[in-house]
Amino acid sequence: MLPSTDRMTLPVSDPPPPPPRGGAVAGDQRLMKGSTMTSRGAYAAVSYMSCAVMLVLFNKAALSSYSFPSANVITLFQMICSCCFLYVLRRWKLITFSSGDADNSTKFVSLQTLIHTSPLALTYLMYMLATMESVRGVNVPMYTTLRRTTVVFTMFVEFILVGQRYSRSVIGSVALIVFGAFVAGSRDLSFDSYGYSIVFLSNITTAIYLATISRIGKSSGLNSFGLMWCNGIMCLPVLLFWTFIRGDLRTTMTFPYLFAPGFLIVLLLSCMLAFLLNYSIFLNTTLNSAVTQTICGNLKDIFTIALGWMFFGGLPFDLLNVIGQILGFVGSGLYAYFKLFGR
């Protein structure tokens, strides 16, 4: 058996950046502008967007084409498969859970590490519950519009937690994204205090969740796989209990297409993509930043809408919506440019 340092493993972290030259002044400039995106960070961002778009299509196929009654059960299946994949890959020593090059421990993670990462599981549960409830609170155009403002909440949370500041060019690109979102949803500005409150709560929990990934990822000694493992084994019992008391598991057992080959293939591919998506979220957030992860989420919406219209239809043409989506796409592209070249 080759030592772990000689085995090929999946990318889990970036090498630490060199210390800034010029003392505190250079450090302040780096904090203001943010670090430039590395090639590995760019691959992580593209991987996240690709997995996210494909996962939406497969989830849409399961929930709409097969009329599967419970999205919570699909999430439960995805989490179970993710933990199983991580267990097998770790047992076969194809991956490690620590951020170092070598991991010869017989334990997966220690109890102390689980306690240290418990805020990640808590923020994930808050994010998941708030997001599921927010979908029912407002109509789809307004939901998309309000969710685009998540980037503003994320920037605010990063400023509060780590004092991160941003250049004018980055702030300008984010403002263009938010403006485009409101243009896209301008025809549906019907005020619903409860629905708006839940969506903004979802934005806040999303921002806190992504910022927690970035923060704990740097202090826990775990890589992306280790963070996924801790998050999964702590959240899985809670989600299982939630689906049980809601009756979702009972409903699933009576689903007529539960053992249909086509549905099983869609469900399996959905679980595999969810595993890759979660990995790319952790990787993208730790290699880049929580704000970059949010921007990537906005950018992939363009491709999701286009592919959803091609495969599922049902989206009427709206000139304002198209203009708003284009503005959001341009804003996301400008942010990516400024991030890549450190502007």
Next item on the list: Looking at (1) over 24 Å from W229 (Cα atoms); (2) modelled with pLDDT of 80 or more; (3) open to solvent by 50 Å² or more (accessible area, probe 1.4 Å), find the lone condition where R21 falls short.
Entry: (2)
Checklist line | Evaluation of C83 against (1) modelled with pLDDT of 85 or more; (2) over 28 Å from M253 (Cα atoms) (one fails), failing number | finding: (2)
Notebook entry, point to check: Which one is modelled with the lowest pLDDT, of the residues in segment 190-216 that are open to solvent by less than 20 Å² (accessible area, probe 1.4 Å) and of a type outside the set (S, T, Y)?
Noted result: G195
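Out of all the residues in segment 51-75, which are more than 20 Å from the chain's Cα centre (by Cα) and open to solvent by less than 30 Å² (accessible area, probe 1.4 Å)? I'd like the intermediate steps shown before the answer.
At the first step, the residues of segment 51-75 found to be more than 20 Å from the chain's Cα centre (by Cα) are 61-70.
Within segment 51-75, A61, A62, F68, S70 qualify.
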Next item on the list: Could you grab me the full set of residues in segment 167-189 that are hydroxyl-bearing (S, T, Y), surrounded by fewer than 20 Cβ atoms within 10 Å (Cβ to Cβ) and either at pLDDT 75 or above or within 18 Å of K300 (Cα to Cα) (or both)?
Entry: S167, S169
Next item on the list: Just one of (1) hydroxyl-bearing (S, T, Y); (2) at pLDDT 80 or above; (3) open to solvent by less than 50 Å² (accessible area, probe 1.4 Å); (4) within 23 Å of G217 (Cβ to Cβ) trips up T131, so point out which.
Entry: (2)
Checklist line | Residue within segment 267-284 that is farther than 21 Å from I80 by Cβ, in contact (Cβ under 8 Å) with a residue 60 or more places away in the chain and of a type in the set (S, T, N, Q) present | finding: yes
Check: What about C235, is it modelled with pLDDT of 90 or more and buried (at least 22 other Cβ atoms within 10 Å of the Cβ)?
Finding: no
Check: Just checking, how many residues over segment 299-343 are at pLDDT 70 or above and buried (at least 18 other Cβ atoms within 10 Å of the Cβ)?
Finding: 15
Item checked: All positions within segment 243-271 that are in contact with a helix residue (DSSP H, G or I) (Cβ under 7 Å, 6 or more places away or on another chain), open to solvent by 30 Å² or more (accessible area, probe 1.4 Å) and not in a loop (DSSP other than H, G, I, E, B) -> L249, L269
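The values are calculated or read from the model by the stated rules, or taken from the named source; none is laboratory data. A quick note: this is a predicted structure, and the numbers were derived from the prediction, not measured. Every residue, glycine among them, receives a Cβ derived from its backbone with ideal geometry; neighbour counts consider all protein chains shown. All accessible areas refer to the heavy atoms of the entire protein, side chains included, with ligands and DNA or RNA removed. Shrake-Rupley method; radii C 1.70, N 1.55, O 1.52, S 1.80 Å.
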